[in-house]
Amino acid sequence: SSYHKLRHQIRINYTNVLRRLEKQHGDLQIAEIKARVVLAWHKDWSAGGKHIPMAKVFIGMLRTVIGFGAVMLEDPECIRLKLVLSGMRFEMPKPRSVHLTADMANAVRAQAHAWGWHSIALAQALQFELTLRQKDVIGEWVPLREPGASEIVWSHQKWLHGLRWTEIDQNMILKHVTSKTGKELEVNLRHAQMVQEELAMMIERDGALPLTGAMVRAEQTGKPWVAAEFRRKWRWVAKAAGVPDNIRNMDSRSGA
């Protein structure tokens with residue numbers, strides 16, 4: 001199964017959904033699953049239409065599992081159910097209509113500096129001006145057994161995917177391979193005003209920019225952020241900066 005080739009965090013998310021799917025309906029024979037059964041499941045998963053995104057996740061996982069059974073295992077009942085699912089349509093989540101503005105990004109940066117969390121200000125500038133996903137800025141910690149080499153190791157984990165100082169050349173050109181698509185990003189940081197301001201403040205504080213390691217490091221540990229902790233602290237900063245509660249860190253990219 002291609003499941004084993006997925007990135008670490010995606011496998012964790014998939015596993016959690018699979019466990020819930022198995023717990024709720026794992027005792028049912030595939031032959032018993034008809035269109036009306038799936039519709040009833042969808043209604044339950046969506047809490048009667050209140051949680052459409054969650055229902056979409058479960059329907060997507062059901063399609064994936066049944067598709068594997070149909071294509072790879074050539075199971076007759078999976079082939080039947082795959083055909084049934086292909087003809088079914090479900091309510092889709094409404095696309096997010098909010099985004100983080102430049103003023104909000106600057107407010108977050110100012111508040112982060114006021115609280116001494118300079119790394120959050122730098123991360124916000126990089127996310128907004130380079131239109132990068134959070135993972136491509138702060139990276140992620142994965143078990144040592146996961147694919148990918150890294151010299152940054154901490155408590156049986158290694159750090160991957162985030163921005164490194166070694167990815168910036170002497171002309172301030174940043175080259176980074178994105179985590180989701182594997183596309184190589186190339187950008188001139190001299191054209192990124194927020195980033196330039198953050199780098200100038202870093203030089204003023206520390207005397208020079210680092211040459212190696214992660215660009216964004218938590219002040220508390222001196223190591224790259226753990227994603228959950230970064231999101232928690234960013235939310236505190238954003239709230240104090242007056243950013244509405246419905247605006248998330250992930251909305252930095254669409255805002256940019």
>> When you scan region 100-114, do you find a residue that is open to solvent by less than 40 Å² (accessible area, probe 1.4 Å), more than 26 Å from THR15 (Cα to Cα) and touching an Asp or Glu at 6+ places or on another chain (Cβ under 8 Å), even just one?
In response: yes
> Any residue in region 54-68 that is among the polar types (S, T, N, Q) and assigned to a helix (DSSP H, G or I)?
Replying inline: yes
> Which one of these does THR212 not meet: (1) under 22 Å from the mean Cα position of the chain (by Cα); (2) in a loop (DSSP other than H, G, I, E, B)?
Replying inline: (1)
> How many residues are exposed (fewer than 12 other Cβ atoms within 10 Å of the Cβ) and among the charged types (D, E, K, R) when one looks only at region 207-256?
Replying inline: 2
> Counting just the residues of region 1-36 that are open to solvent by 40 Å² or more (accessible area, probe 1.4 Å) and of a type in the set (Val, Ile, Thr), which one comes out modelled with the highest pLDDT?
Replying inline: ILE30
> What's the number of the condition TRP234 fails, among (1) assigned to a loop (DSSP other than H, G, I, E, B); (2) under 18 Å from the mean Cα position of the chain (by Cα)?
Replying inline: (1)
>> I'd like to check which strands (runs of 3 or more DSSP E) are fully inside region 97-177 and have at least 1 residues that are without any contact (Cβ under 8 Å) to a residue 40 or more places away in the chain.
In response: 157-160, 173-177
>> Based on this model, can you work out whether LYS56 counts as out of contact with any Asp or Glu (no Cβ under 9 Å at 6 or more places or on another chain), of a type outside the set (A, V, I, L, M) and open to solvent by 100 Å² or more (accessible area, probe 1.4 Å)?
In response: no
> Any idea which of (1) surrounded by fewer than 17 Cβ atoms within 10 Å (Cβ to Cβ); (2) closer than 16 Å to ALA110 by Cβ; (3) at pLDDT below 95 is the one THR181 doesn't satisfy?
Replying inline: (2)
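The values are calculated or read from the model by the stated rules, or taken from the named source; none is laboratory data. The model shown is predicted, which means the values in this text are computed figures rather than measured ones. In this analysis, Cβ positions are derived from the backbone assuming ideal geometry, glycine residues included, and neighbour counts consider all displayed protein chains. These accessible areas exclude ligands, DNA and RNA; they are computed on the full protein's heavy atoms, side chains included. Shrake-Rupley method; radii C 1.70, N 1.55, O 1.52, S 1.80 Å.
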